[in-house]
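The values are calculated or read from the model by the stated rules, or taken from the named source; none is laboratory data. Here the structure is a predicted model, which means the values were calculated and not measured. Note that we place each Cβ from the backbone using ideal geometry, even for glycine, and neighbour counts take in every protein chain shown. Calculation scope for accessible area: heavy atoms of the full protein, side chains included, ligands and nucleic acids excluded. Shrake-Rupley method; radii C 1.70, N 1.55, O 1.52, S 1.80 Å.
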Amino acid sequence: MYEERTPRPQQTQRPPVRRKRRKKTPWQKFKEAYLPLLILLLGLVLVIMLIVGLVKLIFSDKKPESDQIPENTTAPLTLPTEPQGDAAQVLSEAAALASGYDYEGAIALLEGYPGKDEQVAAQLETYKTTLDSLKAVADSAVVTQISFQPLIADPARAFDGDENADYYNRNNLTVDEFKAILEQLYTKGFVLVSQKQMAAADDSGKFVAGSIRLPEGKKPLVLSQVPSHYLKDQIGDGFADRVVVGENGQITSEYTDAQGTKSQGAYDFVSVLEEFIALHPDFSYRGARAVLAFSGAKDPLGYDLTNQEEAAQAKAVMEALRNKGYAFASFTYGEISYADSTAQEIEKDVQSWKNIYEELLGPVDILIYAGGSELEEYSGEKFDVLINAGFHYFSGMNNADTAWGKMGDNYLRQDRRTINGTRIIENADMVADLFDAASVVSDSRPK
């Protein structure tokens, strides 16, 4: 018999346990999705680098054919691996030329560099590109010229109410006014050029137009100081004593203040202009400066030519100015009207001027007419006197036109505009193309 077993109590069934999946971390996702691809790419890069290295190794000893010397020559083979000379120095010299728009000179200098330098090569290409972008001045004979008289360094002494104060107020600018004008001329894109850059005689003696090339937006300008006499009796009225060459070789000016203390600095037309060009070398086209005009009056640039010591000093200063780029002009000996003079009177006046200045200045071919006069005809007896005396550049006064010029077979005529106290106070509209007169007028001027 089978024993009947007592049945076990039925157990309650539990639902199956479901384990939650853990979320994959960003690193796990990156490993699964991208790591294998990156490892593959890295392997390819290593293989390519290995191949390139082998190719370089194979061909490293081979020289380009242009660098090889024929077998039959005895000349040594020189293939410098390092730049020959000082690259920094040649780059600095080239930059100085380029800052004055002499890109041809800068290119020639860098092309002559005897070595290989990445900076030299890059700068060379930059200068070539810039040179190609320059624009020729449409008519180099028609360029604005503006002229100034000596500047007032101390307005308080110039405008002190004495008998000269009104004259200074009408004719002279202060140093600060001239500085402000230069800043605005520069901002408007004006660049100093010389008359010889505008036009000059060719090998046959015939005048031909110059080739002035400037960047887009730049405009040529001629500056002049008429006359350039710093009279000793004006020193007490707040003007500079004289133009001098400083200890560092720079052209500057000497000044005596109200207490009698002497100093050197930017106290006059020349020294202010030199200071400005030092800060803005692109204000001068290939070294151009201003024209300085002299008459038979006393103290040219502040020197008494009847004093042997001062005459020697003046000659040294004139030489330094010429080397810097300044040009000299006759303002006639007696500041007379050549239009109202006979040929004989003109010849006598010219000879008197030459007796003073020919040795001091060397050859001078610029004539700035005095008294607002100008020859009516550029032919005939009067004109022949001037041509025979060596003058080929002539400047009359014309404040009506912004610029006027004309070139003949053996001369260049260029009108000049005067910038003085009256102009900036009463005739602001006549200089509006150059600067804003109201913004440059000094508070120190008489009201």
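The table below lists the values:
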item: Extreme residue, surrounded by the most Cβ atoms within 10 Å (Cβ to Cβ), among residues of the range 281-311 that are more than 30 Å from residue 183 (Cβ to Cβ) and small (Gly, Ala, Ser); result: 295
item: Residue 390 being touching an Asp or Glu at 6+ places or on another chain (Cβ under 6 Å), open to solvent by less than 50 Å² (accessible area, probe 1.4 Å) and at positive phi; result: yes
item: Residue selected from the range 323-354 under the condition open to solvent by less than 30 Å² (accessible area, probe 1.4 Å) and in contact with a helix residue (DSSP H, G or I) (Cβ under 6 Å, 6 or more places away or on another chain), by the criterion farthest from residue 312 (Cα to Cα); result: 343
item: Test: residue in the range 355-374 that is outside any helix (DSSP H, G or I), hydrophobic (A, V, I, L, M, F, W, C) and open to solvent by 20 Å² or more (accessible area, probe 1.4 Å); result: no
item: Cross-chain or 6+ apart pairs with Cβ under 8 Å, the range 301-323 first and farther than 22 Å from residue 194 by Cβ and touching a residue at least 24 places away in the same chain (Cβ under 8 Å), then part of a helix (DSSP H, G or I) and small (Gly, Ala, Ser); result: 303/311; 303/314; 304/311; 305/311; 305/314
item: Out of 182, 221, sole residue that is aliphatic (A, V, I, L, M) and touching a strand residue (DSSP E or B) at 6+ places or on another chain (Cβ under 6 Å); result: 221
item: Residues of the range 127-137 satisfying the condition of being part of a helix (DSSP H, G or I) and surrounded by 14 or more Cβ atoms within 10 Å (Cβ to Cβ); result: 127, 128, 130, 131
item: Cβ pairs under 8 Å, 6+ apart, first in the range 432-447 and within 17 Å of residue 144 (Cβ to Cβ), second loosely packed, with under 12 Cβ neighbours inside 10 Å; result: none
item: Some residue of the range 425-441 being small (Gly, Ala, Ser), at pLDDT 95 or above, closer than 25 Å to residue 175 by Cβ and assigned to a loop (DSSP other than H, G, I, E, B); result: yes
item: Pairs with Cβ under 7 Å, 6+ apart, first in the range 101-125 and on the phi > 0 side of the Ramachandran plot and surrounded by 13 or more Cβ atoms within 10 Å (Cβ to Cβ), second at pLDDT 95 or above and not charged (D, E, K, R); result: 101/214; 101/285
item: Given (1) under 16 Å from residue 291 (Cα atoms); (2) in contact (Cβ under 8 Å) with a residue 40 or more places away in the chain; (3) open to solvent by 10 Å² or more (accessible area, probe 1.4 Å), number of the condition residue 382 does not satisfy; result: (1)
item: Given (1) closer than 30 Å to residue 128 by Cα; (2) more than 25 Å from the chain's Cα centre (by Cα); (3) aliphatic (A, V, I, L, M), number of the condition residue 222 does not satisfy; result: (2)
item: Among the residues listed as 420, 399, the single one being in contact (Cβ under 8 Å) with a residue 60 or more places away in the chain, surrounded by 15 or more Cβ atoms within 10 Å (Cβ to Cβ) and closer than 23 Å to residue 329 by Cβ; result: 420
item: Residue 140, sole failed condition from (1) within 30 Å of residue 193 (Cα to Cα); (2) of a type in the set (S, T, N, Q); (3) outside any loop (DSSP other than H, G, I, E, B); result: (3)
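Residue-wise test of (1) open to solvent by 40 Å² or more (accessible area, probe 1.4 Å); (2) part of a loop (DSSP other than H, G, I, E, B); (3) farther than 23 Å from residue 270 by Cα.
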| residue | (1), (2), (3) |
| --- | --- |
| 176 | yes, no, no |
| 191 | no, no, no |
| 200 | no, no, yes |
| 204 | yes, yes, yes |
| 216 | yes, yes, yes |
| 220 | no, no, no |
| 233 | yes, no, no |
